[in-house]
Each structure stands twice: as structure tokens, then as C-alpha cells.
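To start, the structure under review is shown below, and the notes come after it.
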Amino acid sequence: MTDRPRIILDCDPGVDDAIAIITAARWTDLVAITTVSGNVGVEHTTANALRMRDLLGIDVPVHQGAARPIVAEPFHARHVHGMTGLADVDLPLADLAPDSEDAVEVIVEATLAEEGLHLVPVGPLTNIALALRADPGIANRVASVTLMGGGASGGNVTPAAEFNIYADAEAADEVFRSGAPLTMVGLNLTHQVRMDASHADSCRSFGHRVGDVAAKLIDFNVSVHRGGGLPGSGAMHDPCAVLAVSHPEVVRSEPRHVVVEVDGTHTRGQTLVDERGPMSREPNCRVAYEADAGRALELILQAIREAPVC
Ligand code: RIB
Ligand code: CA
């Protein structure tokens, strides 16, 4: 029995989701990959998860999830991830269809069958909210819900809101009120973990397909993030949530009370963190504040370098 954390990765591949799949395959026991509408439509996020599974040659079920947010209209980010969500990588479509189209049921059943799983959502929280609606007891059976989303200091879709929360604010609100053991790995953390052309060059030097694909994803990520943060680099958001579970020493977090704004004219999708100290409300979440960025980048590159080459 390995002591690697056993996780369900709920994702919307997505350039950084694809790197998160590589990272999770190396550093966790991937019980399942579930997909959700987010960066692109769920038919593409699912196809991309299957393409990454084939590239890595890993034996992990992929289950398709929600095709739309629980209330809002679908909201995508093709300008950040490419028209079909995996940038311009040359990856064949997978031969196999998803193992099911019942990601929500799979999350419920898997957490009933095995206590102590980590749910690691790195896309909109639609599947997680629907699973908690179906079985609120999930909140007491999982080791954590460690999500990439939100943040403690501003957004990327609007000045207030980060994409994963904004795209399905109602779902995020339900998850943050569920009582589940949440860790929020938000933009304030993920913007500390940035990859640039030197990291892409390292990946190409590995001399295998996974390295070449990762290099293209990193280059694309840099090209679309020319504005935010440091020019010439791009934040690698989703792998940070995986590392927060597999290598908790890499991310420093603090207990905080966090609410999700659903109705605000200018603030819909904001994760409002109560940082009033002794005046704060009872914490419902751990908020990630500081990354050991050097170590995180080492672990991501090692996962790419050591990826199974099929
Ligand atoms: O805001 C960054 C998040 O939105 C990442 O998960 C990225 O993949 C997109 O889903
Ligand atoms: Ca994502």
C-alpha cells in the first residue's frame, strides 16, 4: 500500500489541467478523473482528459460530468486554452469513450466505498456541488476538498472573481457552505508558481512525447498570459492544488472564513476571505497563502520528466 494520497481529480482540461493530470499521475494515486464544463465545453474537456490518459498510458477511469453550471449559462475561456482546450498540441483523439457520463454518481459512490479520499477540483465546482446535493455525507467522508479557485486578493475574469468560481458561483457557494474540509488554492497562491520558456526548454530536453507536449502547453500558457503577472511567464494554477495534497509542505495555508458572492453587480464570483483576526467569523476553509515555488516547479518538472512513456 503506498502512502500516496488517493484523489479524484475533477477538471476542465485546459492547459494547466493537463499539467495537473501529469502531476497527479506521478505524485498521487489517481482513483478517477472527472470532467466538467469550464475552460471549454464538457465534450472537449472530456476528450482532452482521455487524450492525456492515452499520452501517459495510465490506467485511470475518466468520467464525464456536468455540461453546464447549476444555474448560470455556460462560460468558457477558449482565449486562454485554445478553441478545443489543449492549446495547439498535436495529440490524437483517444480511441475510447469516457468510462461513464455519470461523474457525479461516481464521486458519491467512490467516497462511499472508500473514506479518506481527496477531492481535487481544478475547474468550476459544478460536479462537486451536485455530488454534495446528492449525498451531503460526502463532506464527512473525504480527507479534503482541495480546490484550485478563488483567491484572497482579486480575480482574473473580473477584478473580484477567479474563473472557476465565476463560471459557477452558485455551485461554489454551495461547496463553501457544505462543511466539507476545504482548502482554497487561489490565484494569490498560484500566481507565485510561474513557468516560462526555460521550463519549456527543460521539458523538450527530456526527449520524450510527454515532455514535448508539456513544452507546447507551457509555451502556449506564456503566450496567452502576456499581460498579467510577469511578462514572459504564465502561472501554473491547477498543479498547485494537486501538490497541496501530495506535498503539503509546499503550500502554507491558514484557517479562514470564506464566502462566495453570488449576486454582486461587480463582485459576482468573489471569494471573500475574512481576515479581521479576532473579529473573524468561524473558519470554514483553509486558504493557501504562500508557495515554495521553487520546490513546486521542481516537482512539476520531475513529474513531466518521469512520466511513463508509452
Ligand atoms: O483561474 C484559473 C483556473 O481557471 C484554472 O483552473 C484554469 O484551468 C481555469 O479553469
Ligand atoms: Ca482548470
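Here the strands (runs of 3 or more DSSP E) wholly within segment 231-298 that include at least 2 residues being in contact (Cβ under 8 Å) with a residue 60 or more places away in the chain and more than 16 Å from ligand 1 (Cβ to nearest atom) are 251-260, 285-291.
Only a single item in (1) more than 16 Å from ligand 1 (Cβ to nearest atom); (2) within 23 Å of Ser246 (Cα to Cα) is not met by Val71, and it is number (2). Note on segment 51-168: enclosed helices (runs of 4 or more DSSP H) holding 1 or more residues that are of a type in the set (A, V, I, L, M), touching a residue at least 24 places away in the same chain (Cβ under 8 Å) and surrounded by fewer than 22 Cβ atoms within 10 Å (Cβ to Cβ) are 78-81, 103-113, 126-134, 138-141.
Tally time: how many residues in segment 178-225 are farther than 30 Å from Val258 by Cβ, assigned to a strand (DSSP E or B) and within 16 Å of ligand 2 (Cβ to nearest atom)? Matching residues across segment 178-225 total 0. In the set Arg281, Arg276, Arg295, only one residue is among the basic types (Lys, Arg), in contact with a strand residue (DSSP E or B) (Cβ under 6 Å, 6 or more places away or on another chain), more than 14 Å from Gly186 (Cβ to Cβ) and surrounded by fewer than 19 Cβ atoms within 10 Å (Cβ to Cβ); that residue is Arg281. Put simply, of Ala303, Ala288 the only residue that is buried (at least 20 other Cβ atoms within 10 Å of the Cβ) and more than 20 Å from Asn156 (Cβ to Cβ) is Ala303. Every listed requirement among (1) of a type outside the set (Val, Ile, Thr); (2) at pLDDT below 95; (3) more than 22 Å from Ala291 (Cβ to Cβ) is met by Ser205 save one, (2). For beta carbons closer than 7 Å, sequence separation of 6+ or different chains, a first residue in segment 11-28 that is in contact (Cβ under 8 Å) with a residue 24 or more places away in the chain and a second that is near ligand 2 (Cβ under 7 Å from one of its atoms) and among the aliphatic types (A, V, I, L, M), the qualifying pairs are Cys11/Val122; Asp17/Val122; Ala20/Val122.
Residue-level check: of (1) in contact with a helix residue (DSSP H, G or I) (Cβ under 8 Å, 6 or more places away or on another chain); (2) surrounded by fewer than 23 Cβ atoms within 10 Å (Cβ to Cβ); (3) closer than 24 Å to Ala160 by Cβ; (4) not polar (S, T, N, Q), Ala241 misses just (2). Quickly run through segment 158-177 and pick out the residues that are within 23 Å of Arg141 (Cα to Cα) and within 16 Å of ligand 2 (Cβ to nearest atom). Within segment 158-177, Ala171, Ala172, Val175 meet the criteria. Considering only residues of segment 9-37 that are within 15 Å of Pro98 (Cα to Cα) and part of a strand (DSSP E or B), which is nearest to ligand 2 (Cβ to nearest atom)? Here the residue is Cys11. Entry remark, segment 7-19: residues being under 14 Å from Ala215 (Cα atoms), hydrophobic (A, V, I, L, M, F, W, C) and either modelled with pLDDT under 95 or near ligand 1 (Cβ under 8 Å from one of its atoms) (or both) number 1 in total.
The values are calculated or read from the model by the stated rules, or taken from the named source; none is laboratory data. Just so it is clear, the model here is predicted, and its values are computed rather than measured. Cβ coordinates were reconstructed from backbone atoms using ideal geometry, including for glycine residues, and neighbour counts include every protein chain displayed.
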